[in-house]
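First comes the structure, then the notes that go with it.
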Amino acid sequence: MKEQFEPNVVAFLCNWCSYAGADLAGTSRVQYQPNVNIIRVMCSGRVNPLFVINALQQGADGVLISGCHPGDCHYIEGNFYARRRFGLMKELLDYVGVDPRRFNMSWVSASEGNKWKDVVEEVVEKAKEAGPFEQFRRNKINW
Amino acid sequence: MNNKPKIGVYVCHCGINIAKTVDVDAVAEFASHLPNVKVSREYSYMCSDPGQLLIKEDIKNEGLNRVVVASCSPRMHELTFRKTLAEAELNPYYLEMANIREQCSWVHEDREKATEKAKKLVAAAVYKARLLEPLQENEVGVEPATLIIGGGIAGIQAALDIANAGFKVYLVEKTPSVGGRMSQLDKTFPTLDCSACILTPKMVDVGSHPNIELLTYSEVEDISGYIGNFDIKVRKKARYVDMDKCTGCGICAEECRLTGRISSEYEVGMGNRAAIYLPFPQAVPAKYTIDPERCLFLTRGKCGKSPKCVDACAPGAIDFEQKDEIVEFKVGAIIVATGFDVFDASRKPEFGYNDYENVITSLELERLVAASGPTEGNIIIGKGRKGEKKKKKDRETFTPKEIAFISCVGSRDETVGNEYCSRVCCMYTAKLAHLLLEKIPDANVRVYYMDVRAFGKGFEEFYDRVRREGVRYIRGNPSEVFKRGDKLVIKAENTLTSTPIEDEVDLVVLAVGLEPRQDAREVIDLLRLSQSGDRFFMEAHPKLAPVDTATDGVFLAGCSQGPKDIPDTVAQAKGAASSALGPLSSGKVMIQAQIAHVDEATCRGCGFCVETCPYTAIELVTVNRVGHMVSVAKVNEALCKGCGACTAACLSGSIQQRSFMDEQILPQIAVLGGM
């Protein structure tokens, strides 16, 4: 029997809300799937759209960007930039034929450990449905 | 200098916290084969002294120049390990952490999968560590002053502590007087100290302290800057009374055409005031204020032939021409002590607070039992329905004999969105029950409760005392309060005996809980504070940084952070004051090094970053590039907060956030996306 496909999701989390929310999920011992790998950035506004393409090229099956709730950004307006950038990005990816289920944004605050779990479950589920992503894959770059 | 990376990887067991679900030995073994890794070790507690010593010795003996610690969240111990590196004379920014506890071992059960994930996280950290750069922290001076927002007991205590240490304090209070909620209380539990007797001396102290500038009837309009150097803008609202001339004699209020016709905020509807008023007799400053929403002259432009207050005021203090005034100043630290709101009992309509005059809240009862209150401490309750218009002489009043308290109104109640315990209601209920028995010795007082939480010093003893005095405690929260004849009927179930109860009483007191302030949003917007799940302001760490916030130099005190009794509030205020005094007395702070930096050789001066920066920390300057004058971006390092928005916006990758550079993040993506 074929083994069930386990997607690999790269997530960019802002330090102040979502990363802290994911930490809280840990402190509260909330259990979720291990498919999401987190990269910490100071603000969701730091995430360059090229990071998303790059992650997909490197072999990720899904990408998640998570920041503070709109209006709660630690850096005043960084998450608004992220929202604007990745709203466009999502349409662009859709246009070039990337399943929109592979690309996700969420707002998770530092007190929302349980919401983080829900986000992970949703994102992994969607990536599973979308299946393995091969379109963009290029040979491994040697860093 | 030979800067070829020599990396040490340290995998922490954290007792069994990590080791239980992650095969720590396997991770360390795996890491030893990663590029540039010279040493890879596991240890039971990396953050312990021996753990840190291990790192320090390896740096010295093995010549390590990069360190990767795989343990808990960097939000927990990044500073600890940076110090470790610094102690071994390695630049502290040569540290990278892999979070294999909060985001791995604690959230996954499958040992094999968790171990694989931990390996990936460690590999990502190693690949990033190879490209880390040394950074220097910058030192900035600290303005030796503090802004305290809120003049309740928390703000008062913090102000006094800081002022007594010799630093300037600006104490901003929204209402016309300091004192806050504590000034409304009669006695305080469990010692029955008179609230005013212990509070007013402190109020007077703040009013007269040479280091404290009191800005009452004022609101903070704008805050900018950073720790050590905040720029503050405060709006002093027009009082329409000259503070220098007003003697506080009160003749104006007696003469005012609206005397006794405006519901007093201080008396929470149990008493009345005039349009020109002193909130309460011991108010500090003891200066009158005209209510611009009620004063006839200010609302209609006419008050008889001439305003009576103007005629009555001998010193001529009343000034209808007065305008709001903007005050600007600089401070080094900020303490938020904005307090709480009392739960609005009408949100529990089943208890009939809106319908019956003899259903009152605990704060209303507090004013009734207070000797300085509207009834001079006599328990006199109106009869009939609320909202019924009756002439004063026709109003029926009576002294209740059968009295019931309902506890946890608006606390521990998901239906109103408040899951938390308000922490003071059990004890103030016991106190009020005691005071009622003192005033009405033949009264029958009972308390309907869910649980009695008598956790503080002297609380349990006081609760026992009140029960010995004859207050009956009935376990079971009532479902309904309704009227039958002259009496109120409480419908409940005694949950200890499983028997239904219908209890006829004369007075129902709702022990209302504490809520975040309605205007909390304004403070959040000013200071970028976070809220915890209960909507109170969030501290930096629930245990180890209970007065700090995510913003350096901004501290929390009192109920703005969560419900508290007076001793806890005072303790926290003192904590916040001492935290603020740290930077104030050292006179300097280090500002973070992970800020943006421009490569002038490739910057083309498009100015996208200038527009993107939320802090206006970037400007375009002209520089000489091999004989050509060109425009390039320049970062003001004191203003940059290190968010990285500019880095994501830069078309040529010329502006990079240090420690979060593109070339440092891309390898992380490669590892986590690929391997």
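Where a number appears in this text, it was derived from the coordinates with a stated rule and is not lab data. Since this is a predicted model, take the numbers as computed values, not measurements. Counting neighbours? That spans all protein chains shown, and the Cβs are built from the backbone with ideal geometry, glycine included.
Summary table below
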{"quantity": "Only Lys, Arg (+1) and Asp, Glu (-1) charged, at Cβ; the range A:1-116 dipole about Cα centre in debye", "calculated": "120"}
{"quantity": "Global form of chain A, assessed from the alpha-carbon gyration tensor, a/c cut-off 1.5", "calculated": "oblate"}
{"quantity": "Charge dipole (debye, nearest 20) of the range B:583-636; +1 at Cβ of Lys and Arg, -1 at Cβ of Asp and Glu", "calculated": "120"}
{"quantity": "Förster radius 22 Å - calculated FRET efficiency between B:Thr415 and B:Glu493, Cβ distance, rounded to 0.05", "calculated": "0.80"}
{"quantity": "Highest-first arrangement of B:68-76, B:637-645, B:322-330, B:253-261, where packing means the average Cβ count within 10 Å", "calculated": "B:68-76, B:637-645, B:253-261, B:322-330"}
{"quantity": "Mean separation of Cα contacts under 8 Å, 6 or more apart, over the residue count of chain B: relative contact order %", "calculated": "13"}
{"quantity": "Cα gyration tensor shape for the range B:7-129, rounded if a/c is under 1.5, else prolate or oblate", "calculated": "prolate"}
{"quantity": "Chain B: calculated mean residue ellipticity at 222 nm from DSSP helix runs of at least 4, using -39500 (n - 2.57)", "calculated": "-8000 deg cm²/dmol"}
{"quantity": "DSSP-defined beta bridges in the protein assembly as shown - what % are antiparallel, rounded to 5", "calculated": "50"}
{"quantity": "Potential extension, B:Cys606-B:Asp110 segment - 0.36 nm per residue separation minus Cα distance", "calculated": "173.5 nm"}
{"quantity": "In order through the range B:401-418: 3J(HN,Hα) via Karplus (6.51 cos²θ - 1.76 cosθ + 1.60), integer Hz, x for Gly, Pro", "calculated": "10, 9, 10, 10, 9, 10, 8, 6, 8, x, 10, 6, 9, 5, 5, 9, x, 10"}
{"quantity": "Cleavage-rule hits, trypsin sites (Lys or Arg not before Pro), the range A:1-96, DSSP coil, Cβ neighbours within 10 Å at most 15", "calculated": "A:Lys2, A:Arg29"}
{"quantity": "For the range B:520-675: rounded, prolate or oblate by the Cα gyration tensor [a/c cutoff 1.5]", "calculated": "prolate"}
{"quantity": "For B:522-533, mean number of other protein chain Cβ atoms within 10 Å", "calculated": "3"}
{"quantity": "For the range A:3-79, the spread of Cα positions along each principal axis, largest first, Å", "calculated": "45, 34, 16"}
{"quantity": "Cβ-based exposure ranking for B:Ser586, A:Ser28, in which fewest neighbours within 10 Å come first", "calculated": "B:Ser586, A:Ser28"}
{"quantity": "Given B:Lys83/B:Lys233; B:Lys128/B:Lys641; B:Lys120/B:Lys588; B:Lys237/B:Lys634, the pairs whose alpha carbons are separated by over 30 Å", "calculated": "B:Lys83/B:Lys233; B:Lys120/B:Lys588; B:Lys237/B:Lys634"}
{"quantity": "Ascending count of other beta-carbon atoms within 10 Å, so fewest first, for B:Thr375, B:Thr569", "calculated": "B:Thr375, B:Thr569"}
{"quantity": "Order of A:Trp116, A:Trp107, A:Trp16 under a 10 Å beta carbon neighbour criterion, fewest first", "calculated": "A:Trp107, A:Trp16, A:Trp116"}
{"quantity": "Radius 10 Å from Cβ of B:Val547, net charge of other residues (Lys, Arg +1; Asp, Glu -1)", "calculated": "-1"}
{"quantity": "Virtual spin-label span in nm between B:Asn272 and B:Asn636, 7 Å along Cα→Cβ", "calculated": "5.5"}
{"quantity": "Over the range B:341-515, relative contact order from alpha-carbon pairs under 8 Å, at least 6 apart, %", "calculated": "29"}
{"quantity": "Where only C-alpha atoms are counted, convex hull volume of the protein assembly as shown per residue in Å³", "calculated": "219"}
{"quantity": "Other-chain or far-sequence residues with amide H under 5 Å of B:Ser177's (modelled H)", "calculated": "B:Tyr217"}
{"quantity": "Rg over Rh, two decimals, the range B:596-658 (C-alpha only, Kirkwood Rh)", "calculated": "0.95"}
{"quantity": "Rounded to the nearest 20 debye, dipole of chain B from Cβ charges on Lys, Arg, Asp, Glu", "calculated": "860"}
{"quantity": "Candidates per GluC sites (Glu not before Pro) in the range B:459-551, loop by DSSP, up to 14 other Cβ within 10 Å", "calculated": "B:Glu469"}
{"quantity": "Pairwise label distance in nanometres, B:Asp344 with B:Glu213, each label 7 Å out on the Cα-Cβ vector", "calculated": "3.6"}
{"quantity": "Under 5 Å, built H, 5+ apart or other chain: amide partners of B:Ser40", "calculated": "B:Val9"}
{"quantity": "10 Å Cβ neighbours from other chains, averaged over peptide B:457-467", "calculated": "0"}
{"quantity": "CD proxy at 222 nm, helix term only [per DSSP H run n ≥ 4: -39500 (n - 2.57); per residue of chain A; nearest 500]", "calculated": "-12500 deg cm²/dmol"}
{"quantity": "Mean-position separation - Cα centroids, the range B:457-501 and the range B:35-70, in angstrom", "calculated": "62"}
{"quantity": "Pairwise centroid distance, computed over Cα atoms, of the range B:571-635 with the range B:222-273, Å", "calculated": "40"}
{"quantity": "Restricting the range B:399-465 to trypsin sites (Lys or Arg not before Pro) in coil, as DSSP defines it, with at most 11 other Cβ within 10 Å", "calculated": "B:Lys457"}
{"quantity": "Spin-label proximity, B:Asp599 to the range B:644-675 - amide N less than 16 Å from point 7 Å beyond Cα toward beta carbon", "calculated": "B:647-667"}
{"quantity": "Residue-by-residue Karplus 3J(HN,Hα) for the range B:285-302, coefficients 6.51, -1.76, 1.60, Hz, glycine and proline x", "calculated": "x, 7, 10, 7, 9, 9, 6, x, 8, 10, 4, 4, 5, 6, 8, 10, x, 8"}
{"quantity": "Across B:Lys348/B:Lys543; B:Lys187/B:Lys491; B:Lys302/B:Lys323; B:Lys348/B:Lys386; A:Lys115/B:Lys574; B:Lys187/B:Lys564, pairs whose alpha-carbon gap is larger than 23 Å", "calculated": "B:Lys348/B:Lys543; B:Lys187/B:Lys491; A:Lys115/B:Lys574"}
{"quantity": "Chain B: DSSP helices with Cα axial extent of at least 15 Å and average Kyte-Doolittle hydropathy no lower than 1.0", "calculated": "B:153-164"}
